[in-house]
Amino acid sequence: MKNLWPEQFEESTTDSLNTMLEEQAKLLITITKGIVSAEVIELGEMSKLHEASGSPDFAYRFNLVGKFINDYKFQVMIFWHDITFYPAGVKFDGQLAKELQIDQTKNRASVSNALEAEVLVTRVLGSERVRSVVGSILRLSK
Amino acid sequence: MEANILILAEHDDKDGQLLHALSARHFFSVPQIGCRRISVFSQFEPKYFTHRRETDRYSIMEFRNPEFETVLFGLVHLSSKLYSTDTDQLMEASHFIEDIEAMEQQLGNKNTILIGDFNMDPFDLGMTTAGAIQCLSCLESAKAGSRKAKGREHSFFYNPSWNLLGDRSRPAGTYFYRDPHHRVIYWHVLDQVVLRPGIATRFDKQSLRILTEIGDVNLLDERGKPAISDHLPICFSIDLAIQQTNTGTANEELVA
């Protein structure tokens, strides 16, 4: 039988939410002089099933971390997507959802491409809620 | 009975009136980081409380004081039934327990006490299911420590809050809701304390009660329903002293 595959495949150059947030996590360490960091952690199978309608291939939680206060962790949001990255679903911290005026019965939103994801991440990282938590971690880390 | 620790959900003390009043009784306010729904006031200095993991719905704190057993507190204000399905609540409880068990493993300590507004009754799925907050109403049974469900090991909690259901001692719950559905119970026990069986042996079962008055303030209206707040607080004693003396009793009181 002849080869039905294309002659070659190109690696996707689209940034996933995961990649974006991991890059931002590195920048946060620099901005806060190593006091506050962030992490992206993969969720377990049960959580994947619950957090999305259907069963996404990947689901993660995005935490702020206070290294000098016993690795304190604060969950900012959970997000999930299939192998194609987009659309991606996001479930926010309740206060953050309120501040960003996102559907507060479910605290959820979705982004359909990398550009929308970047806009959303910009809003999240610049939010009063995130500023407040990072500020508290900085204060308590002294 | 004078409380040593006071835990409040959805308390807004912007003007600092409560802290001012409590300061006179030598209470400190434990700083908040990410979970602003839950306020902790304590006669123990804030340095003894270490925030470990938080979402906006729960705060996991370690209490480490040389005079007392080290305890992991899981303080909760979980999602309301008005906005959540049973499955939502089950899964939220499951997330919470994932974090609790991760901390227990990291600290090598299962002296865990969960307190707050669970927004579930003791018999609800999230409070009884393996993988969520698997609670038993009987301490002797919970002392088995864990059980296997479909091949996976799940640790028990003991939930003394079952004893608050019903009208043997009034009121019949901490929250009253006249639900329009066919299946109703009206009085719910949403505000609970649950403990790992190891530390539950220090818990004074007789002390657990629903408060209907604080000082000269009546918390019920003329029909016997919650007034002032839509929830009634619970109060209990637990002896956390390392040495068996009469001086080391820490009483914790919750308003949710």
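The values are calculated or read from the model by the stated rules, or taken from the named source; none is laboratory data. Keep in mind that this is a model prediction, so the values were computed, not measured. All Cβ positions, even for glycine, are placed from backbone atoms using ideal geometry, and neighbour counts span all protein chains on display.
Applying the criterion of being within 13 Å of another protein chain (Cβ to nearest Cβ) and surrounded by fewer than 19 Cβ atoms within 10 Å (Cβ to Cβ) to the residues of the stretch B:37-47, the residue that is farthest from B:Leu107 (Cα to Cα) is B:Pro46. Would you mind stating whether B:Glu140 is in contact (Cβ under 8 Å) with a residue 60 or more places away in the chain and farther than 23 Å from B:Pro233 by Cβ? It is false that B:Glu140 is in contact (Cβ under 8 Å) with a residue 60 or more places away in the chain and farther than 23 Å from B:Pro233 by Cβ. The single residue among A:Phe58, A:Phe85, A:Phe74, A:Phe92 that is surrounded by 15 or more Cβ atoms within 10 Å (Cβ to Cβ), closer than 21 Å to B:Gln32 by Cα and modelled with pLDDT under 95 turns out to be A:Phe92. A count restricted to the stretch A:61-110 and to residues that are among the basic types (Lys, Arg), in a strand (DSSP E or B) and under 25 Å from A:Leu27 (Cα atoms) stands at 3. The set of residues from the stretch B:116-135 being β-branched (Val, Ile, Thr) and buried (at least 24 other Cβ atoms within 10 Å of the Cβ) comprises just one member, B:Ile133. When B:Ser169 is tested against (1) surrounded by fewer than 23 Cβ atoms within 10 Å (Cβ to Cβ); (2) assigned to a loop (DSSP other than H, G, I, E, B); (3) within 13 Å of another protein chain (Cβ to nearest Cβ), exactly one condition is not met: (3). Just to be sure, is A:Ser110 exposed (fewer than 14 other Cβ atoms within 10 Å of the Cβ) and either at pLDDT below 95 or more than 15 Å from the chain's Cα centre (by Cα) (or both)? Judged against the criteria, A:Ser110 is not a match.
Taking (1) in contact (Cβ under 8 Å) with a residue 40 or more places away in the chain; (2) farther than 28 Å from A:Lys91 by Cα in turn, B:Arg53 satisfies each apart from (2).
Remark: pairs (first residue in the stretch A:115-140, of a type in the set (Asp, Glu); second residue surrounded by 13 or more Cβ atoms within 10 Å (Cβ to Cβ); Cβ separation under 7 Å; 6+ apart in sequence or on different chains) = A:Glu118/A:Met20; A:Glu128/A:Glu99.
Pairs meeting the criteria (first residue in the stretch A:11-36 and farther than 14 Å from A:Val65 by Cα, second residue β-branched (Val, Ile, Thr) and not in a helix (DSSP H, G or I), beta carbons under 6 Å, at least 6 apart or on different chains) are A:Asn18/A:Val40. Within the stretch B:143-166, the set of residues being in contact with a strand residue (DSSP E or B) (Cβ under 7 Å, 6 or more places away or on another chain) and either farther than 18 Å from B:Ala102 by Cα or free of Cβ contacts under 8 Å to residues at least 24 places away in the same chain (or both) comprises B:Ser146, B:Arg147, B:Glu153, B:Tyr158, B:Asn159, B:Pro160, B:Ser161, B:Asn163, B:Leu164. Quick one: count up the residues across the stretch B:41-59 that are in a strand (DSSP E or B), within 26 Å of B:Met91 (Cα to Cα) and not hydroxyl-bearing (Ser, Thr, Tyr). Final tally of qualifying residues: 4.
Within the stretch B:8-28, can one find any residue that is small (Gly, Ala, Ser), out of contact with any His (no Cβ under 6 Å at 6 or more places or on another chain), buried (at least 22 other Cβ atoms within 10 Å of the Cβ) and over 30 Å from A:Ile78 (Cα atoms)? Explain how you work it out, then say what you get.
Keep residues of the stretch B:8-28 that are small (Gly, Ala, Ser), which gives B:9, B:16, B:21, B:23-24.
Keeping just the survivors that are out of contact with any His (no Cβ under 6 Å at 6 or more places or on another chain) gives B:16, B:21, B:23-24.
Retained after the next criterion (residues that are buried (at least 22 other Cβ atoms within 10 Å of the Cβ)): none.
Checked against the condition, which is being small (Gly, Ala, Ser), out of contact with any His (no Cβ under 6 Å at 6 or more places or on another chain), buried (at least 22 other Cβ atoms within 10 Å of the Cβ) and over 30 Å from A:Ile78 (Cα atoms), the stretch B:8-28 yields no hits at all.
Whether any residue in the stretch B:78-98 is within 13 Å of chain A (Cβ to nearest Cβ), surrounded by 23 or more Cβ atoms within 10 Å (Cβ to Cβ) and within 21 Å of A:Gly135 (Cβ to Cβ) is what I want to check. Checked against the condition, which is being within 13 Å of chain A (Cβ to nearest Cβ), surrounded by 23 or more Cβ atoms within 10 Å (Cβ to Cβ) and within 21 Å of A:Gly135 (Cβ to Cβ), the stretch B:78-98 yields no hits at all. Looking at A:Thr105, is it of a type in the set (Val, Ile, Thr) and exposed (fewer than 14 other Cβ atoms within 10 Å of the Cβ)? For A:Thr105, the condition - of a type in the set (Val, Ile, Thr) and exposed (fewer than 14 other Cβ atoms within 10 Å of the Cβ) - is met. Answer with yes or no whether B:Phe44 is touching a residue at least 24 places away in the same chain (Cβ under 8 Å) and under 17 Å from the mean Cα position of the chain (by Cα). So B:Phe44 does not fit the description; no.
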